[in-house]
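The values are calculated or read from the model by the stated rules, or taken from the named source; none is laboratory data. On a predicted model such as this, the values are computed, not experimentally measured, just so you know. Here the Cβ positions follow ideal geometry from the backbone for every residue, glycine too, while neighbour counts run over all protein chains shown.
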Amino acid sequence: MSVAPRLVRGQKLVVASHNPGKIREINDLIRPFGVEAVSAGTLGVSEPEETETTFAGNARLKAWHSANATGLPALSDDSGLEVEMLGGDPGVYSARWAGPSKDFAVAMQKVADAVTAQGGWNAPGPRANFTAALCIAWPDGTTRVFEGRVFGTLVWPLRGPHGFGYDPMFLAESETETFGEMSPEKKHAISHRARAFKLFVDACFT
Ligand code: IMP
């Protein structure tokens with residue numbers, strides 16, 4: 001039986017993302033483990049086209065692209081917001097709803113309009129979840145995916161200056177602050193990304 005590769009302190013790890021919000025959160029999460037995290041953009045690695053239809057598929061594609069280009073292990077994140085009454089939209093297209101200028105005010109307005117069209121703004125608000133698929137890829141082609149989810153409801157108007165993407169419109173279950181109102185530390189304690197990250201740490205650190 002082959003043994004899955006593991007990460008050790010001092011190991012260089014590529015963060016296979018070009019999204020500054022995600023890079024910041026992954027760096028925050030990984031700092032205590034003593035690996036040397038360097039972003040794909042810093043190493044001159046291009047951003048691959050996300051051609052898959054699942055979070056796991058796109059995460060695998062991005063991690064392998066960076067591992068193959070650099071000869072280093074690479075960690076990717078594919079994530080997004082899924083709104084139940086919109087059939088899971090924007091889902092894997094969460095970044096694309098922000099358009100070429102990556103304007104998330106535009107993306108959140110599109111979500112709000114789609115919910116309005118369904119008459120969905122009655123209390124307690126439309127049910128939604130964030131999902132994150134983290135993938136570690138090794139230069140030999142081995143990949144492993146870890147998924148985390150956090151469930152909650154959407155709010156409108158937007159609340160909070162923190163975070164990135166759709167954070168100001170997401171209220172996690174049992175919370176009073178949106179992800180946009182929470183401190184980064186509080187978001188890291190409960191987020192979809194943090195949940196996936198815990199599975200990754202348990203599986204990949206010696
Ligand atoms: P992708 O994984 O690069 O396709 O992009 C996913 C998109 O989902 C991001 O650009 C964000 O807009 C959104 N997203 C993912 N995770 C979060 C989060 O933690 N907060 C807010 N938005 C998120």
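At a glance:
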quantity	calculated
Some residue of the range 136-144 being hydroxyl-bearing (Ser, Thr, Tyr), within 19 Å of residue 78 (Cα to Cα) and either without any contact (Cβ under 8 Å) to a residue 12 or more places away in the chain or away from the ligand (no atom under 13 Å from the Cβ) (or both)	yes
Those residues of the range 1-18 which are aliphatic (A, V, I, L, M), in a loop (DSSP other than H, G, I, E, B) and out of contact with any Ser or Thr (no Cβ under 8 Å at 6 or more places or on another chain), in sequence order	1, 3
Counted residues, the range 173-188 - those being within 11 Å of the ligand (Cβ to nearest atom), within 17 Å of residue 131 (Cα to Cα) and either of a type in the set (A, V, I, L, M, F, W, C) or surrounded by fewer than 19 Cβ atoms within 10 Å (Cβ to Cβ) (or both)	2
Selection count where residues are more than 12 Å from the ligand (Cβ to nearest atom) and charged (D, E, K, R), scope the range 49-84	2
First in the range 180-206 and aliphatic (A, V, I, L, M), second anywhere and surrounded by 15 or more Cβ atoms within 10 Å (Cβ to Cβ) and in a helix (DSSP H, G or I), Cβ under 6 Å, 6 or more apart	194/188
Residue among 137, 105, 133 that alone is aliphatic (A, V, I, L, M) and surrounded by fewer than 22 Cβ atoms within 10 Å (Cβ to Cβ)	105
Qualifying position, being modelled with pLDDT under 95 and either within 14 Å of residue 166 (Cα to Cα) or within 12 Å of the ligand (Cβ to nearest atom) (or both), among 102, 110	102
Selection status of residue 87, more than 10 Å from the ligand (Cβ to nearest atom), modelled with pLDDT of 95 or more and surrounded by fewer than 16 Cβ atoms within 10 Å (Cβ to Cβ)	yes
In the range 25-48, the residues that are surrounded by 16 or more Cβ atoms within 10 Å (Cβ to Cβ), within 14 Å of the ligand (Cβ to nearest atom) and not polar (S, T, N, Q)	25, 26, 28, 29, 40, 41, 48
